[in-house]
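Have a look at the structure below, then the notes.
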Amino acid sequence: MDDLKGIAGPLPEIFAKGTTAEQWRTKRRPELLKQFTELMYGEAPPAEAPKVTVVSEKPGDGFLQRTIRLHTGILGPVSLQLTLPLKQTKPAPTFLALNFTGNESLHSGPTAWSFSEAARRGFAIATVCYEELAADRKECPLYESKYRAVSLWAWGFSRMVDWALTVPELDSKKLIALGHSRLGKATLLAGARDERFAAVIPHQSGTGGAAPSRGTIGESVQRINTAFPHWFNDAYKKYNERTADLPFDQHCLLACVAPRPILLSNAQEDTWANYDGQFSLLDAALPTWKLLGGEEKLVQKFMRPGKHALTPEDWTAFLAFADKIQLSS
Ligand code: GTR
């Protein structure tokens, strides 16, 4: 495994030869998730179902837009925006997504999302602005505790699942986690930890997401830990200059999603996110899908021309992925 593109190998084994599906589920997967918590992402608060208040509802272009207040305990109240297909005849498959720029900003301009197209194809989209969950600055008092940002954002994602399971218009078996870049890191962690997500799309998630810590292209562990000291825990910083000593790499986190569907989406000019390394790790994780009886078509890659961004072309790929894995309505 040491000739994988974008990675200084060899990679640690995901599971020992001869491991059964049962042993993976009951022993190896929990052990890996514990290591990721202890050596990289830090703790998550105990699960706590949010209290919910519906604030308002208005029609949009082909969808109904509902604003909801989720009271998430430790992280306080957040504003969640739900868009629902107008002509809904059954519970909708739903993208649960964190956003960077605020819920309203997603309806026009450069950060616009494909709400109308998604609704036309029967999908709901529920989104929260990530900084409402936990601030993205190292000075935030939350990070003086055992908590770090990526883990808290992932925890917030799971509170969105708690809420989604109580909404009759949403299909509880078709919840898809989606996030871009640093939110792609949170998406992958949430999807790995929380099996209630039916599918996971860490979009251009890069280092600390689907890209290798042992990467040879793009952002290094040392660089990310220096620029964003609040994203990962102190233990991870000890590996800044010795990533080869980590007992895992990110293929082990990808494996924790198996046998559920996953799409790694990337852009050709986004070498900072080491897409070669990401795709190599996804290949390295494939034996876990095979072990658990998951079909290979559940593991998907997407590449488009252009830069680091979440574009309408990406939405087209997300919707096509949901169709392919039969998560459309
Ligand atoms: C960059 C960071 C990446 C990625 C990106 C983003 O500055 O180096 O890991 O997370 O920010 O979130 O847009």
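Helices in the chain, meaning DSSP H runs of at least 4 residues, each add -39500 (n - 2.57). Divided by all residues, the mean residue ellipticity at 222 nm is -8000 deg cm²/dmol. With a cut-off of 17 Å, note down the residues of segment 183-214 whose backbone N falls inside the zone around a label point 7 Å from the Cα of Val52 toward its beta carbon. Residues 196-198 fall inside that zone. Each listed q (0.13, 0.19, 0.31 Å⁻¹) maps to a log10 I(q)/I(0) for segment 42-90, found by the Debye formula over equal Cα scatterers with no solvent: -0.42, -0.70, -1.09. Note that segment 66-73 has calculated 3J(HN,Hα) couplings of 10, 9, 10, 9, 9, 9, 9, x Hz, one per residue in order, obtained from phi through the Karplus relation 6.51 cos²θ - 1.76 cosθ + 1.60 (θ = phi - 60°); glycine and proline are x. As a length-normalised measure over Cα pairs under 8 Å and 6 or more apart, the relative contact order of segment 141-233 settles at 29 percent. Between Ser280, Ser116, Ser108, which gets the highest mean-square fluctuation from a Gaussian network model of the chain, Cα cutoff 10 Å? Maximum fluctuation in the GNM of the chain, among the listed residues, is at Ser108. Evaluate the relative contact order of the chain (contact order divided by residue number), counting alpha-carbon pairs under 8 angstrom at least 6 apart; express in whole percent. With pairs under 8 Å counted, the relative contact order is 19 percent.
Between Asn240 and Gln326, the contour length at 0.36 nm per residue exceeds the Cα-Cα span by 26.9 nm. Sequentially through segment 116-123, phi angles give Karplus couplings (6.51, -1.76, 1.60; θ = phi - 60°) of 5, 5, 4, 5, 4, 8, x, 9 Hz, Gly and Pro residues having no value and appearing as x. Using the 1.4 Å probe convention, the accessible area of segment 1-146 works out to 51 Å² per residue with neighbouring protein chains retained. By DSSP, the beta bridges lying fully in the chain are antiparallel in about 45 percent of cases. The listed peptides 236-246, 201-211, ordered by packing as a protection proxy, come out as 201-211, 236-246 (highest mean of other Cβ atoms within 10 Å first). Rg ratio for the chain: its Cα radius of gyration over 2.2 N^0.38 Å, N being its residue count, equals 0.94. Between Thr111 and His71, take the C-beta separation as r, use R0 = 35 Å, and let me know the FRET efficiency to the nearest 0.05. Here the calculated transfer efficiency is 0.85. Within the listed set Lys87, Lys34, Lys138, the residue fluctuating most in the Gaussian network model of the chain (springs between alpha-carbon atoms under 10 angstrom) is Lys87. Here the chain has 53 percent of its accessible surface on carbon and sulfur atoms, given a 1.4 Å probe and all protein chains in place. With all protein chains kept in place, the per residue accessible area of segment 238-322 amounts to 37 square angstrom at a probe of 1.4 angstrom. Here's how it looks for Thr72: its modeled amide H is under 5 Å from those of Val78, which are all 5 or more places away or on a different chain. Just Ser145, Ser172, Ser220 to compare: in a GNM of the chain, with alpha carbon springs under 10 Å, which one fluctuates most? Ranking Ser145, Ser172, Ser220 by mean-square fluctuation puts Ser145 first.
Over all orientations, segment 209-329 has a Cα convex hull whose mean projected area works out to 8.4 square nanometres.
If you take the Cα centroid of segment 244-259 and the Cα centroid of segment 288-322, the two points sit 18 Å apart. The packing ranking, built from the mean of other Cβ atoms within 10 Å per residue, places the peptides 10-18, 66-74 in the order 66-74, 10-18, highest first.
The values are calculated or read from the model by the stated rules, or taken from the named source; none is laboratory data. The structure displayed is predicted, hence computed values, not measured ones. Heads up, the Cβs are rebuilt from the backbone with ideal geometry, glycines too, and the neighbour counts pull from every protein chain shown. Areas reflect the complete protein model, heavy atoms only, side chains present, ligands, DNA and RNA absent. Shrake-Rupley method; radii C 1.70, N 1.55, O 1.52, S 1.80 Å.
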